[in-house]
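*Asks:* Supplied in structure tokens, the structure appears directly below.
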Amino acid sequence: MIQNGQHVDASIMATLSSQLHMLQTEKCQDEETEIDDNSFENSDIVVKHTAVVALDASRTELGDFGDSSLMPGYDPDLEHTPQEEMAVRRKIDLHLMTFLCVCNFFMSMDRTNVSSAISDYMPQQLGFDNTWTNDTFTVFYVVFAIFAVPSNMIVKRVGAHRWIPILMTSWSIVTWCHCFVKTANGYMAVRVFIAITEAGFVPACLFYLSLWYKSNELPERLAWFFGVQTFSSAVAGLLAYALFMLEGKAGLYGWQWLFFVDGIATQILGLVAFFYLPFTAAHTGVLLRGGKPWLTERQVRIAVTRIIRDDASKKDQNEPISKTDIKATLMDSRVWVHLTVSLVQFIPQVPIFAYFPSMIRDSGFDKMISTLLTIPSYFVSLAMSIFLARSADKRGYYAYHTIFACVWFLAGVLALELLPDSANMWSLYAALLFTNSGPSYQGIHMGWASSNIAPVGKRSLFIGAAIGAANLSGVPGAQIYQQSDYPHYHIGNWINVGLAILPILLLIYQHCAYVYLNRVREKKWSGMTDKERQKYLETTPDKGNDRLDYRFII
């Protein structure tokens with residue numbers, strides 16, 4: 001029986017012929033069974049079995065596990081304490097996670113700036129209405145989705161540490177180019193180029209982070225990563241309020257000042273990123289720190305070794321994506337369920353987010369006040385998202401935690417629809433505030449899904465496809481609130497109710513499927529003799545999460 005948090009089956013150890021392999025396995029067992037501050041205790045949760053499956057004689061999946069040259073810093077004989085690992089993780093949080101969150105903050109500013117610009121009468125000043133606004137959103141999300149997956153193929157070749165700065169400097173230029181837009185067609189053009197340049201950023205960051213953090217550490221970090229997007233919405237509201245006061249200065253509208261300042265700030269940060277982001281933990285002696293590395297030599301070995309022991313396929317991070325990876329991704333039904341959740345979760349949120357400031361304004365509030373009134377919801381959403389992610393990391397049951405977020409949003413949309421048309425502006429604001437304050441579950445879902453998808457090539461494709469699907473949700477989402485349904489959007493709200501229910505059903509199905517597969521595989525594995533297990537490890541063509549000895553995180 002594979003125990004909770006344990007990566008080694010004792011019966012396999014007894015059959016390993018090589019003393020070196022036995023030593024590696026014992027060390028993995030000793031270290032992986034330690035309970036750190038991110039592990040959770042629940043006898044019903046089965047943590048995936050990764051380290052020992054690498055030690056098969058044929059090396060069909062992981063190559064030579066003992067060759068440290070394949071991954072600088074990897075030491076198969078390394079022993080370290082949980083306290084040392086915690087210290088390493090905190091340094092990575094401080095130096096890498098924080099910087100990527102700042103980068104994501106600036107990327108997310110663009111999305112909120114569009115909503116603020118709409119409330120500042122940008123459509124009227126450029127000569128288009130809600131229909132053209134919705135069409136622009138649609139084109140943006142289609143282009144974004146198209147370019148998301150190819151981006152991660154590029155990442156595998158040039159490295160995320162190079163690709164992320166390239167994307168940042170590219171979209172920053174397009175952002176401040178909004179200042180030169182004079183027509184509806186010009187606005188459409190800059191939104192297309194923004195989509196092309198931004199599409200690969202989040203997939204590249206998620207893939208990058210998966211190479212620095214263990215599977216059970218990712219959900220909370222991704223909650224922070226995506227939570228920053230919520231925080232940026234709050235700050236963008238304050239920034240918009242301030243910059244709108246520059247209306248008329250240098251012949252620019254307030255919304256043009258907003259895009260100009262955002263673009264210049266992002267361009268500066270993008271240039272910094274070129275000299276800051278390291279290739280691996282063994283390359284943290286960045287120029288901006290005078291060549292002084294983040295980690296000591298021993299900490300580098302801990303940082304790399306702990307990741308490979310958690311998921312040995314990560315040592316192949318620089319291998320290009322193969323046709324086998326593409327086929328395995330397309331043929332995995334579990335991948336498609338997660339992609340569908342990624343798509344559907346945002347469709348009903350798109351119209352709420354896009355029209356949040358303008359719906360407050362149209363209810364009777366002043367333009368400036370309506371922008372400020374959006375801010376509290378983003379702080380509440382961020383706090384709830386982090387709380388939910390920490391609870392998921394501690395207790396498991398990732399599907400249940402994401403369902404909680406879905407139910408929150410569903411309740412908010414129902415409140416909006418059932419609110420009488422004659423309700424005063426504060427009642428409408430309260431319903432909008434509750435709806436937009438719900439926790440984001442994208443980080444929890446992405447962490448859960450990517451941890452259950454292997455090997456690394458398949459995971460990379462999934463991450464790109466999932467981010468593409470999430471943004472593709474903007475295509476139908478942008479068409480839900482129609483001009484003919486203005487101002488209460490009764491038809492659109494009922495569409496949102498149905499769409500909010502669908503991911504709940506999908507998440508319940510995926511949870512049950514993982515539980516069932518774990519039980520079936522465990523029953524088969526337990527019924528095999530030591531010799532049969534060893535033969536399977538040596539001869540199986542199965543890879544990643546298709547292996548009989550692989551257990552899904554619940």
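The values are calculated or read from the model by the stated rules, or taken from the named source; none is laboratory data. Since we're looking at a predicted model, the values are computed, not measured. Using ideal geometry, Cβ is built from the backbone for each residue, glycine included, and neighbour counts are taken over all protein chains shown. Note: areas computed on protein heavy atoms with side chains; ligands, DNA, RNA excluded. Shrake-Rupley method; radii C 1.70, N 1.55, O 1.52, S 1.80 Å.
*Asks:* From the square roots a ≥ b ≥ c of the eigenvalues of the alpha-carbon gyration tensor of the stretch 395-442, which class results: rounded (a/c under 1.5), prolate (a/b over b/c), or oblate? Let's see the in-between values first.
*Replies:* On the way: a/c = 4.99, a/b = 2.90, b/c = 1.72.
Verdict is prolate for the stretch 395-442.
*Asks:* Also, I was wondering about something else. Suppose every Lys and Arg Cβ carries +1 and every Asp and Glu Cβ carries -1, with no other charges. What dipole size does the stretch 456-554 come out with about its Cα centre, to the nearest 20 debye?
*Replies:* Details: 12 positive and 8 negative charges, 95 e Å.
Roughly 460 debye for the stretch 456-554.
*Asks:* Let me ask something else. When a/c is below 1.5 the answer is rounded, else prolate if a/b is larger than b/c, else oblate, so apply that to the stretch 158-258 with a ≥ b ≥ c taken from the square roots of the Cα gyration tensor eigenvalues.
*Replies:* Numbers: a/c = 3.25, a/b = 1.75, b/c = 1.86.
In terms of gyration-tensor shape, oblate.
*Asks:* I'd like the Karplus ³J(HN,Hα) series for the stretch 89-106: coefficients 6.51, -1.76, 1.60, θ = phi - 60°, whole numbers in Hz, and an x wherever there's a Gly or Pro.
*Replies:* Each residue's phi maps through the Karplus curve to give 4, 5, 5, 5, 4, 5, 8, 9, 4, 4, 5, 5, 5, 5, 4, 5, 4, 6 Hz.
*Asks:* Here's a follow-up. Which peptide among 446-457, 534-545, 144-155 comes first, and what is the full order, when sorted by highest mean count of other Cβ atoms within 10 Å? Mind dumping the intermediate values first?
*Replies:* Details: 446-457: 25.2, 534-545: 17.2, 144-155: 21.1.
The packing order, highest mean first, is 446-457, 144-155, 534-545.
*Asks:* Measure off, as a whole percent, the carbon and sulfur share of the 1.4 Å-probe accessible area of the stretch 104-233, all protein chains present. All intermediate terms of the calculation are to be shown ahead of the outcome.
*Replies:* On the way: 2640 of 3790 Å².
Here it works out to 69 percent.
*Asks:* Separate question: Cα gyration tensor of the stretch 233-299, axes a ≥ b ≥ c as square roots of the eigenvalues: rounded (a/c below 1.5), prolate (a/b > b/c) or oblate?
*Replies:* On the way: a/c = 5.04, a/b = 3.20, b/c = 1.57.
Prolate, since a/c reaches 1.5 and a/b exceeds b/c.
*Asks:* Further question on the same structure: What list of whole percents do you get for P(r) of the stretch 463-534, with Cα-Cα distances grouped in 10 Å bins up to the one holding the largest distance?
*Replies:* Computed distribution, short to long bins: 15, 25, 23, 16, 11, 7, 3.
*Asks:* Pairs K91/K394; K458/K524; K156/K323; K323/K524; K458/K523; K214/K323: which are spaced more than 19 Å apart, C-alpha to C-alpha? Write down the numbers at each step before the final one.
*Replies:* Numbers: K91/K394 21 Å; K458/K524 25 Å; K156/K323 14 Å; K323/K524 30 Å; K458/K523 26 Å; K214/K323 27 Å.
From K91/K394; K458/K524; K156/K323; K323/K524; K458/K523; K214/K323, over 19 Å: K91/K394; K458/K524; K323/K524; K458/K523; K214/K323.
*Asks:* Quick one, what does Rg over Rh come out to for the stretch 348-425 if you take C-alpha atoms and the Kirkwood Rh? All intermediate terms of the calculation are to be shown ahead of the outcome.
*Replies:* Numbers: Rg = 15.4 Å, Rh = 14.5 Å.
My calculation of the ratio gives 1.06.
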